[in-house]
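What follows is one structure encoded as structure tokens, with my remarks underneath.
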Amino acid sequence: MTGEVSSHDVAREIRRRLSGVGVLKTHKLLYYCQGWHLAWHGEPMFSDGIEAWSNGPVVGELWAAEKHSRPVPDVHALSGDHLATLDYVIARYGALSGRDLINLTHGEDPWRAVSASDSSWSSNVIDHDALLRWFQDDEDFKARQAAVARLRARPDAFSFDPVPDSSLLQAAVGRALNGTAIQHARRA
């Protein structure tokens with residue numbers, strides 16, 4: 001992947017998957033994508049900051065760009081990890097209304113800590129460390145980590161380590177993405 005994924009890239013995929021999703025709900029789902037991705041992968045899903053606004057978390061840069069029809073940054077493809085996070089977020093939160101998501105985020109520490117810290121909201125960026133702490137304390141996160149630990153403890157379990165990068169693997173993936181059948185090599 002070349003370049004850095006932005007909130008525009010993730011929002012585009014949210015809107016593709018949830019036809020007719022509104023602005024408010026999109027921003028709340030972006031917040032959940034960022035939080036879960038930080039918890040699972042230790043790095044942000046997208047480069048833009050999330051701010052604590054009166055109706056909950058908002059990606060200010062995306063909101064302003066769309067409201068004022070500013071140029072969209074270059075498009076970057078989402079990785080498999082990004083898409084897995086997005087799949088989880090949509091499965092867990094996608095059926096909730098915008099109002100439900102406002103209520104949910106207003107009850108969560110990352111938004112509450114920033115919104116309560118200063119009545120002028122002059123520094124309203126939700127810190128990645130706050131997101132990381134909050135989402136790693138979630139029961140789903142703890143259950144997933146426990147399941148991974150159990151699987152890794154089994155000598156016959158499959159490895160979760162990344163597949164080594166090779167030209168043969170890249171060629172096979174390229175053919176698969178282009179719809180070309182992949183030939184299986186037989187080992188002696």
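Values quoted throughout were computed directly from the atomic coordinates according to the rules given, and no laboratory measurement underlies them. The model shown is predicted, which means the values in this text are computed figures rather than measured ones. Cβ sites come from the backbone with ideal geometry, for glycine too, and all protein chains shown count toward neighbours.
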Query - Yes/no for VAL10 being over 20 Å from TRP134 (Cα atoms) and surrounded by fewer than 23 Cβ atoms within 10 Å (Cβ to Cβ) - result: no
Query raised in the report: Of all residues in the range 83-95, how many are part of a loop (DSSP other than H, G, I, E, B) and under 19 Å from PHE141 (Cβ atoms)?
Result: 1
Report summary line: Within the range 61-82, the residues that are part of a helix (DSSP H, G or I) and surrounded by 13 or more Cβ atoms within 10 Å (Cβ to Cβ) are GLU61, LEU62, TRP63, ALA65, GLU66, ASP81, HIS82
